[in-house]
Structures are given as structure tokens and as C-alpha cells.
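Readers should treat all values here as calculations from the given coordinates under stated rules, not as data from a laboratory. Bear in mind the structure is a predicted one, so any value in this text is a computation, not a measurement. Cβ coordinates were reconstructed from backbone atoms using ideal geometry, including for glycine residues, and neighbour counts include every protein chain displayed.
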Amino acid sequence: MTLGIIAALPQEIADLLKLMKGQMQTHTVGMRTFYQGKIGGQSCVLVLARVGKVAASATCVTLIQKFGVDRIIFTGLAGGVSAEVNVGDIVIGTSFCQHDMNAEPLFPRYEIPLLGKQYFVSDSELNAALIVGTTQFLQGEGQYSLQRMLPKENIDLFGLTNMKIHQGLILSGDQFIGSAEAVLELRNNFPDALCTEMEGAAVAQVCYEYGTPFAVLRVISDKANNSAGYDFTRFLNEVAPVVSSGILLNFLLS
Ligand code: ADE
């Protein structure tokens, strides 16, 4: 069994990459570096996809076809869409929709043409294991806990004392959502949506097409509103490097 781990940007998985880089073989395919090796006895291939649905899809296909991965986890940041989802919370996607897909009047809005699907679902076993890893990261006292990995001043500055775990619908599109109007439109069109990002539903489609179990783990960096650009950048540099990495290390080492 080989696990593929994808993030869009280096900061989104920085601590894990730092730990693994020296011990892994590197391969470059399609202008991306794939880090292949073992983490806690588990064969893994780590890769940075860059941003957006095309980048994520191409990366997924390479992982499946060239590296033979049989499970994929995508991780990184997302903007909160639901009023219940706050900066610092964790979202594990159970269903996924491409909110910018619109081939009307040929196909119903949001339906992926010729696949006949608006929503894709992730793997329940991977999701359950990620919840365990997330809980250990948030509540544990081990080496890979939030308390150990992030300086206290950043925990306080970003209000990360009560991070919640959510499971549900993730939206993806080739758009950074950064205005009150745009996030309201998503909320109106998808009353159940938890958060929005730019890759998850593309990974979901490719994994559906190849029959590969997958999961998407997101950390909320902003509320997709007028301050989202500023909030995202600050969170990306100050908090993101440890959160997905810490959760995945708990997941891999348990
Ligand atoms: N990733 C993190 N925040 C986001 C936002 N507001 N829109 C799209 N992708 C994001």
C-alpha cells in the first residue's frame, strides 16, 4: 500500500516536508517534485501540486499512474463558508462539488458533463483515521501536538484554543473567494457547504474515475470575506506550516 499526500503550496505541508526531505528519493514529473519514501513504516509519496483544479488533477493522475499510490490525502487551507466554521477549525470533507462548473443548458448546473455527478464522496475509513489524527494533534501532549509545534504567541494571536473538527461538504473552484458578496452567493447556492478551496473536488473527480480512495483535510485560514486575502497570507505563513503536518504525522505514526 502506498499513500499519496498532496498540498498546493509548500507552507501547507512545510513541517512534514522538512522532516522527510533528507530521507526520501526525489523524482521530477510534469514540473513537480515527488518525494518517495517511508513515514512510520508506511510507503508515501509527497508532492506539491500548485494551485487550482487542473494542477491538482494532473498531480493525482501522476500519483496513481506513475507512482502506483492506492490512497490519496489532499491537505491545505480553505475559506470558511458556513457561519459555524471559524478560522483555525479543521474540515474533513465527506462530499465535494465544483462550484464553478456550469454547462447549462446542456447539463444541469454543477453536474460534471458525461459523468452525471454533481457530488463526489471521500473514503470513510480514511476520514475516520484523520479524525483520530486530528484529535491527537489538538488534544495530545506528544511531540506532534499543536502545543508542541506552534509557539504559544501564535496560538493566542490566532485564537487557536478551541479548534473544532467538522465533516461535510467542501466546495472547489478556480477562484479565491474574498468578498462578502461572493461568499454569500456560495452560501445561498449551497446551504450545507462548510468551506471553499481550489482543489478538493478535482481530486475527488479523478479519484472517482480511477477508483482510488481519497480524503481531503482542510484548515480554515479565513472566512472567504473582504479580509480573506490578508487573513489567508498571515495564516499561511504563521500557522499553516505545522497544522496539516502535525495531523498527518499523528495519522501516519499511530
Ligand atoms: N483557500 C483558503 N482560503 C480560500 C478562499 N477564501 N477561497 C478559495 N480558496 C481558499
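What spacing in nm lies between the two simple spin-label points modelled at VAL132 and HIS27, each 7 Å away from Cα in the Cβ direction?
Taking the two extended label points, one gets 2.9 nm.
Given H placed 1.01 Å from N in the peptide plane, which residues other than close sequence neighbours of THR33 have an amide H under 5 Å from its amide H?
The list, which skips near neighbours in sequence, is LEU48.
If you take every DSSP beta bridge whose two residues both sit in the range 3-241, what share of them, in percent to the nearest 5, is antiparallel? Mind showing how you got there, number by number?
On the way: 19 of 48 bridges.
Of the beta bridges lying entirely in the range 3-241, close to 40 percent run antiparallel.
Got a sec? How would THR134, THR59 order by Cβ neighbour count within 10 Å, fewest to most?
Values: THR134 23, THR59 28.
Going from least to most buried by this count: THR134, THR59.
From the residues THR26, THR94, TYR110, which one has its Cα farthest along the dipole of the range 8-111 in the positive direction, the dipole being from +1 and -1 charges on Cβ of Lys/Arg and Asp/Glu about the Cα centre?
THR26
Rounded to the nearest 0.05, what FRET efficiency is calculated for MET1 and ALA180 with R0 set to 41 Å and r the Cβ-Cβ distance? Write down the numbers at each step before the final one.
Details: r = 45 Å, r/R0 = 1.09.
So, using R0 = 41 Å, E works out to roughly 0.40.
Between rounded, prolate and oblate, where does the chain land on the alpha carbon gyration tensor, with a ≥ b ≥ c its root eigenvalues, rounded for a/c under 1.5, else prolate if a/b exceeds b/c?
Details: a/c = 1.71, a/b = 1.11, b/c = 1.54.
Oblate, since a/c reaches 1.5 and b/c is not below a/b.
Expected output is a single nm value to one decimal: the length gained when fully extending between GLU104 and ASN154, i.e. 0.36 nm times separation in residues minus the C-alpha distance. What is it? Before the final figure, lay out each step's value.
Numbers: separation 50, 0.36 × 50 = 18.00 nm, distance 4.59 nm.
Gain on stretching GLU104 to ASN154: 13.4 nm.
Just want to confirm a number: the relative contact order over the chain, from Cα pairs under 8 angstrom separated by 6+ residues, in percent. Display every interim value, and only then the final one.
Numbers: 554 pairs, mean separation 78.3, N = 254.
RCO, the chain: 31 percent.
If you add up the charges near SER221, with Lys and Arg at +1 and Asp and Glu at -1, over every other residue whose beta carbon is less than 12 angstrom from its beta carbon, what do you get? Could the numbers behind the result be given before it?
Values: positive: ARG218, LYS223, ARG234; negative: GLU12, ASP89, GLU197, ASP222, ASP231, GLU238.
Residues near SER221 contribute -3 overall.
Between their Cα atoms, which of LYS53/LYS117; LYS152/LYS223; LYS21/LYS66; LYS18/LYS152; LYS18/LYS38; LYS53/LYS164 are more than 25 Å away from each other?
Long pairs (Cα-Cα over 25 Å): LYS53/LYS164.
Determine the distance separating the Cα centre of the range 1-63 from the Cα centre of the range 115-176; give it in Å without decimals.
Cα centres, the range 1-63 to the range 115-176: 19 Å.
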